Amino acid sequence: MGQYLVFLIAAVVLFFFILIISFFRRYKRCPSDRVMVVYGKVGKGSGSTSRSAKCIHGGAAFIWPIIQDYSFLDLTPISIEINLTNALSKQNIRVDVPSRFTVGVSTESGVMTNAAERLLGLSQDNVSNLAKDIIFGQLRLVVATMDIEEINSNRDKFLAAVSSNVEQELKKIGLKLINVNVTDINDESGYIEALGKEAAAKAINDAKKSVAEKNRDGSIGEANAHQDQRVQVAGADATAVEGENSAKVTIANSDANRREKEAEAERKAVAAEKVSQAKALEEAYAAEKSAETARALRDKAAQTADVVVPAEVDKQKVEIEAEAIAEQTRRHAKGDADAIYMKMEAEAKGIYEVLSKQAQGFDQLVKASGGDSNNAVMLMIADKLPELVKTQVEAVKNLKIDKITVWDSMSGGKDGNSPTSAKFLSGMLGSLPPMDELFNMAGMQLPDYLKGKTPVEEPKEIEAEEIIDDEPKQES
């Protein structure tokens with residue numbers, strides 16, 4: 001019985017020992033260069049939803065068996081070379097921006113969760129390719145919003161814009177931007193190289209200008225030193241000579257010195273008088289010039305008022321009269337044109353009415369003649385026949401024959417008439433236009449029953465002569 005109890009106690013102690021060892025083995029510590037991601041049943045987040053993982057950096061956690069497991073994310077920085085080519089800048093100039101970015105898994109609480117969700121289980125090459133795609137897009141976006149001058153000269157601003165844009169996008173997958181290094185910037189058109197040459201030329205010119213200014217200052221200083229030297233030497237010589245002369249004058253002839261001083265005083269007085277006279281003349285000349293100028297301006301204004309103003313008034317008057325005449329002529333012409341148009345329109349309407357009525361009358365006349373147009377024409381001719389006869393009679397009514405002289409042999413013809421008289425009368429009647437020809441000239445045609453005539457026999461010729469208004473001929 002005692003042995004069983006010892007075995008039981010030993011088994012319990014062994015069980016607890018194994019249990020404690022197991023607990024110790026499930027307690028995991030996270031090294032400083034890694035992030036430990038505990039996944040499985042890890043509790044709930046700030047809301048009611050369950051967390052996908054719990055990230056631990058610089059600490060430890062107990063991993064419950066069966067319901068939890070863990071893995072590590074490497075915090076080793078990843079260096080990515082980005083050779084951006086043909087990126088379009090704000091000035092539509094394509095540039096090449098070779099650069100190198102250093103990224104790594106972020107240790108911020110919220111960003112670590114993004115890394116655990118999107119990067120856990122990926123190799124560094126896969127993480128590098130994913131980050132490279134994001135960096136390429138954001139770098140092109142930043143280049144498109146800046147001028148080449150800003151990218152080339154203001155590198156701090158360019159790097160700050162790149163860092164801000166790239167880091168915001170990298171945080172979405174749990175990465176952090178550690179460093180950005182732009183090695184060089186080139187463009188296919190040579191614009192940046194031209195800017196560099198311009199800056200170099202400006203620096204060289206500024207240096208040359210500075211050297212020239214320094215040389216000028218040195219030359220001026222040297223010349224001033226020589227001038228001071230000569231002035232001081234000349235002053236010393238003059239002082240010595242002046243002392244000698246003064247001594248000689250004082251000793252030799254003091255009276256000459258007095259006369260010299262008197263002459264000098266007189267010369268100064270005469271010069272002062274001449275200067276005063278010259279100033280007085282100058283002021284007088286200036287006043288006279290001002291007066292002449294004012295007089296000339298006044299005369300010019302008077303001439304302008306006398307000539308230009310009346311001419312301008314006459315010009316405006318002529319323009320107004322010309323405009324009035326043109327307006328009156330235009331109105332008169334428009335009135336005449338309207339009157340002519342109305343007259344012609346009235347005449348056209350009258351002619352149209354006459355022709356319409358004639359057409360209606362002719363249509364009724366054809367209907368009255370039974371639809372035969374020839375009968376209708378006969379009716380119209382019969383209606384106009386008295387006027388035609390009257391017109392033919394009027395043609396010979398006013399014919400005047402003052403005298404007709406006939407010589408006849410008085411020998412009788414076959415019918416007992418004088419052949420000369422018969423021939424004369426028949427010729428006279430034949431000179432009148434026949435009715436048929438009169439109608440033909442009028443564009444009409446007589447019916448057949450109106451054309452029938454009894455033929456008149458021509459009288460035989462007799463030996464006779466007809467003389468009108470001529471000398472008589474002797475009978476044989």
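The values are calculated or read from the model by the stated rules, or taken from the named source; none is laboratory data. Just so it is clear, the structure is predicted and the values come from calculations on it, not from any experiment. Cβ sites come from the backbone with ideal geometry, for glycine too, and all protein chains shown count toward neighbours.
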Problem set entry | Subset of the stretch 88-116 (residues that are surrounded by 15 or more Cβ atoms within 10 Å (Cβ to Cβ), in a strand (DSSP E or B) and of a type in the set (A, V, I, L, M)) | Val95, Val97, Val103, Val105
Exercise. Residues in the stretch 131-140 that are out of contact with any Leu (no Cβ under 8 Å at 6 or more places or on another chain) and either surrounded by fewer than 19 Cβ atoms within 10 Å (Cβ to Cβ) or among the acidic types (Asp, Glu) (or both): how many?
Worked result: 3
For this session: Would you check which residues across the stretch 24-60 are in contact with a Lys or Arg (Cβ under 6 Å, 6 or more places away or on another chain) and either at pLDDT 80 or above or among the acidic types (Asp, Glu) (or both) and list them?
Result: Val38, Ala60
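Could you look through the stretch 1-44, keep only residues that are of a type in the set (Gly, Ala, Ser) and surrounded by fewer than 10 Cβ atoms within 10 Å (Cβ to Cβ), and pick out the one that is nearest to Ser71 (Cα to Cα)?
Let us first name the residues in the stretch 1-44 that are of a type in the set (Gly, Ala, Ser), namely 2, 10-11, 22, 32, 40, 43.
Right, trim to surrounded by fewer than 10 Cβ atoms within 10 Å (Cβ to Cβ) and you get 2, 32, 43.
Details: Gly2: 49, Ser32: 14, Gly43: 17 Å.
Per the stated criteria, the residue is Ser32.
Any residue that is under 39 Å from the mean Cα position of the chain (by Cα), among the hydroxyl-bearing types (Ser, Thr, Tyr) and under 21 Å from Lys171 (Cβ atoms) - is there at least one of those in the stretch 91-107?
Within the stretch 91-107 (the criterion being under 39 Å from the mean Cα position of the chain (by Cα), among the hydroxyl-bearing types (Ser, Thr, Tyr) and under 21 Å from Lys171 (Cβ atoms)), the answer is no, since none of the residues qualifies.
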Problem set entry | Long-range neighbours under 7 Å by Cβ, at least six apart or interchain, first residue of a type in the set (D, E, K, R) within the stretch 28-52, second at pLDDT below 70 and in a loop (DSSP other than H, G, I, E, B) | Arg51/Gly45
For this session: Using the structure shown, decide if Leu130 is farther than 30 Å from Ile21 by Cβ and either of a type in the set (A, V, I, L, M) or in contact with a Cys (Cβ under 9 Å, 6 or more places away or on another chain) (or both).
Result: yes
For this session: Could you please find all residues in the stretch 117-129 being buried (at least 18 other Cβ atoms within 10 Å of the Cβ) and under 56 Å from the mean Cα position of the chain (by Cα)?
Result: Val127
Problem set entry | Residue check, Ser79 in a strand (DSSP E or B), within 27 Å of Ala131 (Cα to Cα) and among the small types (Gly, Ala, Ser) | yes
Problem set entry | Boolean, Glu117 is charged (D, E, K, R) and either touching a Cys at 6+ places or on another chain (Cβ under 7 Å) or over 16 Å from Leu75 (Cα atoms) (or both) | no
Exercise. Would you pick out the residues in the stretch 153-164 that are assigned to a helix (DSSP H, G or I) and not basic (Lys, Arg)?
Worked result: Ser153, Asp156, Phe158, Leu159, Ala160, Ala161, Val162, Ser163, Ser164
Seminar exercise, completed: Within the stretch 117-152, the residues that are within 15 Å of Ser89 (Cα to Cα), touching a residue at least 40 places away in the same chain (Cβ under 8 Å) and either not assigned by TED's automatic domain parsing to the domain that holds Val97 or not in a loop (DSSP other than H, G, I, E, B) (or both) are Phe136, Leu139, Arg140, Val143, Ala144, Ile148, Glu149, Ile151, Asn152
Exercise. For Lys202, which of the numbered conditions (1) at pLDDT below 85; (2) under 16 Å from Lys90 (Cα atoms); (3) assigned to a helix (DSSP H, G or I) fails to hold?
Worked result: (2)
